[in-house]
Amino acid sequence: MEINTLMGKRRQIVRRSVIAAMEAAQAAGKLSYEQLADFAVERPREAAHGDFAVNIAMLMAKQCGMAPRDIARTIAEYIDFNNTTIAKMEIAGPGFINFRMADDWLASCLDEIVDQGEDFGRLDLGQGEKIQVEFVSANPTGELHMGNARGAAIGDSLAAILELAGFEASREFYVNDAGNQIEKFANTLNALYLIELGEEIEFPEDGYHGADLPLLIKKLVAEIGDKYQQIEEPLRKEYLAEYALREKLAAIKAALENFGVNYDVWFSERNLHDSGAVKDVIDQLGQRGWLLEKEGALWLDCERFGEEKPEVLVRANGIPTYFAADIAYHRDKYQRGFDKVIDIWGADHHGHVARMKGAMEALGYDYDRLEVILMQFVRLYKDGELLKMSKRTGTYVTLDELVEEVGRDAARFFFVMRSADSLIDFDMDLAKSTRADNPVYYVQYAHARICSILAQANGLVDQQAKVDFTLLQDESEHQLALDLAYFPDQVAYAAMHRAPHHIASYLLDLAGHLHNFYGQCHCIIDDLELMAARLALMKATAFVLKKGLSLLGVSAPEKM
RNA sequence: GCGCUCAUAGCUCAGCUGGAUAGAGUGUCUGGCUACGAACCAGAAGGUCGCAGGUUCGAGUCCUGCUGGGCGCACCA
């Protein structure tokens, strides 16, 4: 299946010609095969290898009982590229067939890019399929740390890429406002509140040590004083937790917005319990025969989908586990009509993946409808020393501090330029000191550079008029044009492989080729037609840089 | 012990359904601003792609084993 992009259409021309040649050769008795292999039309790494390379001869060798180069020669004999944009083909290496397009083909690509204007890069790959991307979903008991920042950058970019590729993406944050940790949270707040009012009580052993909570309590005391001191402890804890959750959640939301991340849905775990959805999903699993009763608890029979052991859904004390709520949550996602669900989790949750997908299958949902992207950790170094990230002990760098220290653009680019499955060592001091040679500035600089030149060229030529792109003959111009032409394919690749970092790599390449072009060719020159063509090339480059950066949540300043 | 994951240049990382001579940044060295932004460019040097097998016409990419790092194996979330 060839994707319907600017380059995809051109690959399709090559593909059809090759298939026609194979069929003609077969009809003439020169080749004999049962079925055509699913061959590739790809972009060769070396420019010397032409514009497109086809590997069909190697793939068909066994079936045809011929050497690859002989098959290639036979294809050459029967291929007909009259009425196509193919200029010539040659056989190379072990049997590659390299195609070179007509001289003006890159110019035609640029024409098409200009014609598409603002829509360039938009694809219909998703066909409006509804995809939910759930990410961060940090416990609302503390502040967001570096790991959350990474998840936010990856999740938000992935959603943006999916949207551009034609999917209907929804960003969601699952608020864990129920369960065990809320109880601990309430105990912590209770202690802090009473201590703040001068009572001599012990701080709970498993309490939260973050520096944010005492501040929050101070703020509350300033507002209401000792109003809660006299009421019953359970009620006091409830009030305190209520207040703190509201405040913490607002802070989390603000921090994410400040990071350029905006959610469509904030989904409350507590609602799942209150609405009976958790109980209901357990009943449903029971009806389907997936439950076991053992030692007073209710278990999901995970061994039936290959897991080592069953998992508890309802504890002996009657309280459902996090896993039970999570199953209800994921069922709810499907009930809301999402065709696909993508969860971005920290690597420490990997043990949860198979049983979550298994549970969905137990409910009758297709195993592949849930995808989990596991994100490796961010290890934080300060003064050359590893900082253990822990909410419990309160030693971590928050998202707000990160944005404050290194800036939003640099932080987002940094997190999204690495694939999710690489472990990141983040040196806070280094991030600050080397801010000038951060890769994000390389890309942004290319954009600013173009804007500056376009501004200076303003009025010298009619920038709206149609230009003759065949005038662009320099190697650096061709390279740049090629990069631009491949942009939609890059979006498609990043969307299909759930790989936002691919866009970052592409942008670094594109920026490099722009800078190279800048060194090779001058834009403001006496030859007005050539100038117009170069300005249009740069304008298209600026557009793609800006579009690409926007997918990563990074700004494209005109001056810097 | 079992499971997931990663290992590519001194360092940080890319490497596009397996494809031709493995790339970039950074660091080191050399050269380039009295024409459009030097936060830039050009060039040099730097590799047994962790190790050993296997599949294939072809393996950094797929499979198996091993070594090493990270993570997980709760009636926590």
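If you go through the stretch A:323-330 one residue at a time, do you hit one that is at pLDDT below 95 and open to solvent by less than 50 Å² (accessible area, probe 1.4 Å)? Among the residues of the stretch A:323-330, not one is at pLDDT below 95 and open to solvent by less than 50 Å² (accessible area, probe 1.4 Å), which makes the answer no.
Close contacts from the stretch A:36-55, counting a first residue that is closer than 19 Å to A:CYS109 by Cβ and open to solvent by 30 Å² or more (accessible area, probe 1.4 Å) and a second that is within 6 Å of RNA strand B (Cβ to nearest atom) and at pLDDT 90 or above, with Cβ to Cβ under 6 Å and a gap of 6+ residues or different chains, come to A:GLU42/A:ALA53; A:HIS49/A:ASN98.
For the stretch A:300-315, filtered to residues that are among the hydrophobic types (A, V, I, L, M, F, W, C) and at pLDDT below 95, the residue that is surrounded by the fewest Cβ atoms within 10 Å (Cβ to Cβ) is A:PHE305. Can you tell me which of A:ALA159, A:ALA153, A:ALA149 is within 23 Å of the chain's Cα centre (by Cα) and free of Cβ contacts under 8 Å to residues at least 60 places away in the same chain? Result: A:ALA159 is the single residue among A:ALA159, A:ALA153, A:ALA149 that is within 23 Å of the chain's Cα centre (by Cα) and free of Cβ contacts under 8 Å to residues at least 60 places away in the same chain. A residue that is open to solvent by 10 Å² or more (accessible area, probe 1.4 Å), in contact with a helix residue (DSSP H, G or I) (Cβ under 6 Å, 6 or more places away or on another chain), more than 8 Å from RNA strand B (Cβ to nearest atom) and at pLDDT below 95 can be found somewhere in the stretch A:479-491.
Scanning the stretch A:495-545 for residues that are without any contact (Cβ under 8 Å) to a residue 40 or more places away in the chain and among the β-branched types (Val, Ile, Thr) yields a total of 1. Cβ-Cβ distances below 8 Å connect the following pairs, each with a first residue in the stretch A:404-420 that is over 18 Å from A:PRO557 (Cβ atoms), a second residue that is open to solvent by 40 Å² or more (accessible area, probe 1.4 Å) and of a type in the set (Lys, Arg), and a separation of six or more residues or different chains: A:GLU405/A:LYS432. Restricted to the stretch A:358-373, and to residues there that are among the aliphatic types (A, V, I, L, M) and open to solvent by 20 Å² or more (accessible area, probe 1.4 Å), the residue that is farthest from A:LEU291 (Cα to Cα) is A:ILE373. Filtering the stretch A:268-299 to residues that are surrounded by fewer than 11 Cβ atoms within 10 Å (Cβ to Cβ) and away from RNA strand B (no atom under 13 Å from the Cβ) leaves A:GLN287, A:GLY289. Of the listed requirements (1) out of contact with any helix residue (DSSP H, G or I) (no Cβ under 9 Å at 6 or more places or on another chain); (2) open to solvent by less than 30 Å² (accessible area, probe 1.4 Å); (3) more than 23 Å from A:ALA87 (Cβ to Cβ), A:LEU31 misses just one: (1). Of all residues in the stretch A:337-374, those being of a type in the set (A, V, I, L, M, F, W, C) and more than 10 Å from RNA strand B (Cβ to nearest atom) number 10.
For (1) under 30 Å from A:GLU112 (Cβ atoms); (2) aromatic (Phe, Trp, Tyr), each residue gets a yes or a no:
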site: A:GLU2; (1), (2): yes, no
site: A:ARG15; (1), (2): yes, no
site: A:TYR33; (1), (2): no, yes
site: A:GLU42; (1), (2): yes, no
site: A:GLY65; (1), (2): no, no
site: A:ARG73; (1), (2): no, no
site: A:PHE99; (1), (2): yes, yes
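The strands (runs of 3 or more DSSP E) found wholly in the stretch A:60-159 and carrying at least 1 residues that are within 14 Å of RNA strand B (Cβ to nearest atom) and open to solvent by 50 Å² or more (accessible area, probe 1.4 Å) occupy A:86-92, A:96-101.
The set of residues from the stretch A:398-423 being in contact with a helix residue (DSSP H, G or I) (Cβ under 7 Å, 6 or more places away or on another chain), of a type outside the set (Gly, Ala, Ser) and near RNA strand B (Cβ under 6 Å from one of its atoms) comprises just one member, A:ARG418. Would you be able to say whether some residue in the stretch A:164-181 is in a helix (DSSP H, G or I) and surrounded by fewer than 18 Cβ atoms within 10 Å (Cβ to Cβ)? Looking for residues that are in a helix (DSSP H, G or I) and surrounded by fewer than 18 Cβ atoms within 10 Å (Cβ to Cβ), one finds at least one in the stretch A:164-181, hence yes.
Looking only at residues of the stretch A:34-59 that are over 20 Å from A:GLU23 (Cβ atoms) and assigned to a loop (DSSP other than H, G, I, E, B), we find that the one that is farthest from RNA strand B (Cβ to nearest atom) is A:ASP51. As for the stretch A:458-469, it holds no residue that is closer than 25 Å to A:ALA410 by Cβ, more than 8 Å from RNA strand B (Cβ to nearest atom) and in contact (Cβ under 8 Å) with a residue 60 or more places away in the chain. Among the residues of the stretch A:304-331, the ones that are part of a loop (DSSP other than H, G, I, E, B) and within 27 Å of A:GLN132 (Cβ to Cβ) come to 3 in all. All conditions in (1) open to solvent by 20 Å² or more (accessible area, probe 1.4 Å); (2) in a helix (DSSP H, G or I) hold for A:GLU200, with the sole exception of (2).
Residue count for the stretch A:507-532, restricted to those that are surrounded by 22 or more Cβ atoms within 10 Å (Cβ to Cβ) and either more than 9 Å from RNA strand B (Cβ to nearest atom) or over 12 Å from A:GLU477 (Cβ atoms) (or both): 4.
The values are calculated or read from the model by the stated rules, or taken from the named source; none is laboratory data. The model shown is predicted, which means the values in this text are computed figures rather than measured ones. Cβ: placed from backbone, ideal geometry, glycine included. Neighbour counts: every protein chain shown. For accessibility, only protein heavy atoms count, side chains too; no ligands or nucleic acids. Shrake-Rupley method; radii C 1.70, N 1.55, O 1.52, S 1.80 Å.
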